[in-house]
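Enquirer: Take this structure first; my questions come after.
No value in this document is a laboratory result; all are computed from the given coordinates. Predicted model, so just to flag it, every value in this text is computed and none were measured. Cβ atoms come from the backbone with ideal geometry, glycine included; neighbour counts cover every protein chain shown.
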Amino acid sequence: MKLSYTVTIRQFVTTVFLLSLTILSANATSPEAKFDGYIIKLKKGHGFMPLNGFRSLGDLTELSVDFGDYYHLNSANSFSEIDLNAIKTNPDVEYIEPNYLYTHLDHGGAVQPASIQDPLFKSQWSLFNTGHNTWIPNSPPGIDVNAVKGWEIAKGGSDVVIAIIDSGIDYNHPDLKKNLWINEAEKNGKPGVDDDGNGFIDDIYGYDFANEDGDPMDGLGHGTHVAGIIGASHNGEGIRGVMNNVKIMSLKFLTDKGPGDTKNAIRAVDYAIKNGAQIINNSWGGGDYSQAMYDAFMAAAEKNIIITAAAGNSNVDNDVTPKYPASYKVPNLITVAAHNALEGRASFSNYGKNSVSIYAPGLDIVSTDLKSNYIWSTGTSVATPIITGALGLLLSMEPGISYTEAKNRLMETSIKTPELLKYAQAGRLDIYRLLTNLRN
């Protein structure tokens, strides 16, 4: 298949997808802010008598995370205001909130044949923009993240662990196998046994919270795409990730049909914290503010873990209309907007002079897909893992760096243009400048 034909199909599919895409709102009063039951957090030193009463209202499940006592009450269709008020006013209850549903944040793409191998790097304009390898005719060269020059300094390290909370990862993909996080105790243990005693059975590559099993195989493709952007091997086939060497942990909370929820998102964060992740990538969004999600991100901050999140794809000002998880006011959060090959904000990208941190390329980004394939995709969802990978390179050079210093370095070494600075705190990513601490 010739590349020119592929471009035509890609543009057609993207246009159709853009017209049909529905993005979940973060406005709690909107019917699009969907949820599934409630999350209850109990106060420290609570009694257990209230739990019996809560169970009479629906199925009550303990979430078993280290940063508090949380329960999921699965009774969204039977709750009354009287029931809610009874729980809210219980002296042992710290808060109750909806268990919001989330979805991935991208604009789709078109699968390319697996027979297209190493030459795909020439299509990765985000890493090396020649001026002829974007979908925009006659775009200027050099509007990229300066990855090739950055790789002269660092290509990553196996001590860097990055958790991807998403739809799982196709851990059989040839471009990803080398860079997967592996729980050796479970890999070398007995099937069906919790060999390392961490409460999860057969969690070799991470965990599937959506289906409650140890197999986080991706059935949607989104998490696999994110993983390739961060860490596809520089192995002479397929694409190149921002990092050549990394350990990627797969934490599946989005189902194969798309939705995920708060209760599984916070459990995934807890797993990442317990198992040594240094960065957690979140290319998803939806719902309203969740105190439980805030608590989880703050628990990560206490362990010096960086959180990256996609700003959203609805072309709105996050300063005015917050989008989550991008708008949580936690110190370890980096919110990512998308820019195009003309060095402008992508037309779909959310923005926020105070609430959005930085830009990365977010249009027509090729990466790994299911069954050894590759796919082009667009959105802040694909800009975010570019930032995650760049931070991973920094951590490989400076293992003890704090999230505060890493965030400051990332933003202060960005390429700042007046147009981009209208819409975010910093400009666009430059990996070489980040790794050399080159500031304006």
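Enquirer: Could you grab the relative contact order for the range 35-101? Cα pairs under 8 Å, six or more apart, rounded to a whole percent.
Expert: The normalised contact order for the range 35-101 reaches 51 percent.
Enquirer: Of LYS247/LYS353; LYS247/LYS329; LYS190/LYS252; LYS257/LYS371; LYS122/LYS178; LYS44/LYS252, which pairs sit farther than 25 Å apart, going by alpha carbon to alpha carbon?
Expert: The answer is LYS247/LYS353; LYS247/LYS329; LYS44/LYS252.
Enquirer: Test of understanding: ordering THR384, THR89, THR378 by Cβ neighbours within 10 Å, fewest first, what list do you get? Intermediate values should be presented prior to the final figure.
Expert: Details: THR384 31, THR89 8, THR378 27.
Ranked by crowding around the Cβ, least crowded first: THR89, THR378, THR384.
Enquirer: Another question, if that's okay. To the nearest 500 deg cm²/dmol, what mean residue ellipticity at 222 nm is calculated for the chain from DSSP H runs of n ≥ 4 alone, each contributing -39,500 (n - 2.57), summed and divided by the residues? Numbers along the way, then the final one.
Expert: Numbers: 12 runs with 114 residues, N = 440.
About -7500 deg cm²/dmol.
Enquirer: At 0.36 nm per residue, and after removing the present C-alpha to C-alpha distance, how many nm does the segment from THR321 to ASN188 gain when stretched out fully?
Expert: 43.1 nm
Enquirer: Where does each of LYS257, LYS149 land when they are ranked from fewest to most other beta-carbon atoms within 10 angstrom?
Expert: Sorted ascending by nearby Cβ count, the order is LYS257, LYS149.
Enquirer: If each residue of separation counts as 0.36 nm, what is the full-extension length gain between LYS274 and GLU81 once their alpha-carbon separation is subtracted?
Expert: Roughly 65.8 nm would be gained on extension.
Enquirer: A follow-up question, please. Would you please classify the overall shape of the range 35-101 from the alpha carbon gyration tensor, given that a ≥ b ≥ c denote the square roots of the eigenvalues, rounded means a/c under 1.5, and beyond that prolate means a/b larger than b/c while oblate covers the rest?
Expert: It comes out oblate by the Cα gyration axes.
Enquirer: Taking 0.36 nm per residue of sequence separation and subtracting the Cα-Cα distance, how much length would be gained by fully extending the chain between ILE136 and ASN235, in nm to one decimal?
Expert: Result for the pair: 32.8 nm of gain on full extension.
Enquirer: Can you list which of the DSSP-assigned H helices in the chain have a Cα extent of 27 Å or more along the long axis and an average Kyte-Doolittle score of at least 0.0? Walk me through the numbers before you get to the answer.
Expert: Details: long enough: none.
Helices meeting the criterion: none.
Enquirer: At what distance in angstrom do the alpha carbon centres of the range 368-411 and the range 248-273 lie from each other?
Expert: 18
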